[in-house]
Amino acid sequence: MRIKNNIIVLSISVILNSCIGTETKQNNAAFVNVLCQNNKVESTKSSQEAFIILVRCNDDIFLTRLNLLNLTYEKYYKKEFLYCQYIANVIKEKNFISKELLEDISFGNKFSLDLLVESEYKLNGLEYLKNKYFESNIWRNSNEIYLKTGLEENTQFTVLYLCFINNYFIVFDGDGFIASNTIQNLEI
């Protein structure tokens, strides 16, 4: 009987620990700094337009671009925050920018996390998602991974969001979505 109780307690502990994951993971300072550097005059306009930023507001996630966040900063936040503080707040806090403003600067539809994909992430981690939802890329830059085509929209955006909160830069190259853990050699 005592062994059975210990197994039950151990099982509950494992389940609870595996459920902690998605929201505790946040972009690190180096990742935020790279995004901030792309605001400088010498950065190309195409790089500002290329980076897809996934912003969470309550249970909704919005896709926007760095250049649209730059415009929002200039108009609404410049007096209150330094640019890097603003970018860090936008990508780390769920409700930093109002839902109404996000709807104005986002492209595509907002989405909610796909519960199955989120569960896979919590149970198996990001490497599992990368193996399941991305193409292998033996002929291109080894830092880049390419999202498989044909996925349901909510599934693909959930996977991209989970990559983004794990410090992956997201771009769309005309053929599909690319996630990379470095911007060096990232084709923009």
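The values are calculated or read from the model by the stated rules, or taken from the named source; none is laboratory data. Everything numeric here is computed off the predicted structure, so don't read it as measured data. FYI the Cβ positions are ideal-geometry reconstructions off the backbone, even for glycines, and counts take in every protein chain you see. Accessible surface is based on the protein model in full, side chains and every heavy atom, while ligands, DNA and RNA are left aside. Shrake-Rupley method; radii C 1.70, N 1.55, O 1.52, S 1.80 Å.
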Taking the alpha carbon gyration tensor of the range 109-178, what are the square roots of 5 times its eigenvalues, largest first, to the nearest whole Å? 19, 14, 11
Tell me, what HN-Hα J-couplings in whole Hz come from the Karplus equation 6.51 cos²θ - 1.76 cosθ + 1.60 at θ = phi - 60° for each residue of the range 168-179, using x for Gly and Pro? 9, 7, 10, 9, 10, 9, x, 9, x, 8, 10, 10
How much accessible area per residue does the range 44-176 have, counting only protein heavy atoms and a probe of 1.4 Å, in square angstrom? 51
In order through the range 158-165: 3J(HN,Hα) via Karplus (6.51 cos²θ - 1.76 cosθ + 1.60), integer Hz, x for Gly, Pro: 5, 4, 4, 4, 5, 5, 4, 6
Quick one: the Cα spread of the range 47-116 along its three principal axes, in angstroms, biggest first? 40, 23, 19
Spin-label point model (7 Å from Cα, Cβ direction): what's the Leu82 to Asn28 distance in nm? 2.0
Amide H contacts under 5 Å for Lys148, placed H, 5+ residues apart: Phe134, Glu135
